[in-house]
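**Q** The structure is given below, and queries will be raised subsequently.
The values are calculated or read from the model by the stated rules, or taken from the named source; none is laboratory data. Note that this is a predicted model, so its numbers are computed, not measured. Backbone-built Cβ (ideal geometry, glycine too); neighbour counts: all protein chains shown. Just the protein is used for accessible areas: all its heavy atoms, side chains included, with ligands, DNA and RNA removed. Shrake-Rupley method; radii C 1.70, N 1.55, O 1.52, S 1.80 Å.
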Amino acid sequence: MPNVKFKSYLHLHFLVFIAGFTAVLGDLISIGAVELVWFRMMMASLLMFIYLILTRGWFSVSRKQYLFYAIAGFCIALHWITFFESIKRANVSIALSMFSCGAFFASIIEPLFFKRRLRIYELFFGLLVVFGVILITRSELQYLDGIIIGISSALFSTLFSVMNGKFINTNNNATAISLIEFIFGIAFISIYLLIKGNLLDASFFNLVASDWLYLFLLASVCTAYAFIAAMNIMKHLSPYTVVLSYNLEPVYGILLALWIFPEQEKMSFQFYIGALLILGVIMANGILTRRRKYLPVQS
């Protein structure tokens, strides 16, 4: 059993590394954020559907559950759209730093969903996160649009994550739930694209070869595989360990971005002070919380 846990822990950190690489792929893909997320969710859904057929993992869903899954699907679609838009308006470092603000939003939203008291230390950590964001904003005003959009992305990711904590239990297949949410997310984006007329234009599907390659990596490795593998890992590791480890996603992502885009991602000293403050708060919050009741969201 210790050997299984160690392998699961190594696998978990590989998944966290993949999550950090997601932001880099978002920067490499040349199409807009809305179109990017549509392709990502469509391709990932097809792969997850094939997996569920092969593993016979489907389960019956009531009409009431479909409504909640639709809301969650809308949130995950908005999270990804705003996340990739933040990258395109600013850069990977800004988007990932703002994504870290999810811990602050969780400290406020989670007590409402799970009907528990607000913890004093979470409010204190929340104030530190706000201070970190102020440091970043003051030093990188040229990226103000990307910062605001990135903060909204963190809010949507927290809403989705906390809602999933209410949905996923031992009786349901988490992959099947994710697929249903993805399908609703695709539907919402498709309605928007149809209204704009993009989806009816043949040029919508006329992408360069590199975009198709990066989209396939994003949908297969960073989405379908990452979602399914994270569920399997939680059979051997606690939710606390999984969520705490995923807090390292911004660290891996920013380091990768600095290596791949050294000029584009070079930020001011004050930015790194603010980013380190936010990341330090996230780690401290995870250690004090001890256990989360919801699953992490992969960017």
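**Q** Do you know which residues across the stretch 92-140 are among the acidic types (Asp, Glu) and closer than 30 Å to PRO262 by Cβ?
**A** Correct list: GLU140 only.
**Q** Can you pull out the residues in the stretch 206-224 that are within 25 Å of TYR51 (Cα to Cα) and without any contact (Cβ under 8 Å) to a residue 24 or more places away in the chain?
**A** Correct list: TRP212, LEU213.
**Q** For HIS236, which of the numbered conditions (1) touching a helix residue (DSSP H, G or I) at 6+ places or on another chain (Cβ under 6 Å); (2) buried (at least 16 other Cβ atoms within 10 Å of the Cβ); (3) in a helix (DSSP H, G or I) fails to hold?
**A** If we test HIS236 against (1) touching a helix residue (DSSP H, G or I) at 6+ places or on another chain (Cβ under 6 Å); (2) buried (at least 16 other Cβ atoms within 10 Å of the Cβ); (3) in a helix (DSSP H, G or I), just (3) comes out false.
**Q** Could you please find all residues in the stretch 76-98 being open to solvent by 10 Å² or more (accessible area, probe 1.4 Å) and modelled with pLDDT under 95?
**A** Result: LYS88, ARG89, ALA90.
**Q** Right, another one. Which of the following residues is under 30 Å from SER62 (Cα atoms) and charged (D, E, K, R): GLU249, GLU263, GLU181?
**A** GLU181 is the lone residue from the list that is under 30 Å from SER62 (Cα atoms) and charged (D, E, K, R).
**Q** Continuing with the same structure: How many of the residues making up the stretch 249-266 are of a type in the set (Val, Ile, Thr) and over 16 Å from PHE14 (Cα atoms)?
**A** Within the stretch 249-266, residues that are of a type in the set (Val, Ile, Thr) and over 16 Å from PHE14 (Cα atoms) number 1.
**Q** Here's another thing I want to ask about it. Which residue out of LEU207, LEU244 is open to solvent by less than 60 Å² (accessible area, probe 1.4 Å), at pLDDT 85 or above and either over 27 Å from LEU28 (Cα atoms) or not in a helix (DSSP H, G or I) (or both)?
**A** LEU207
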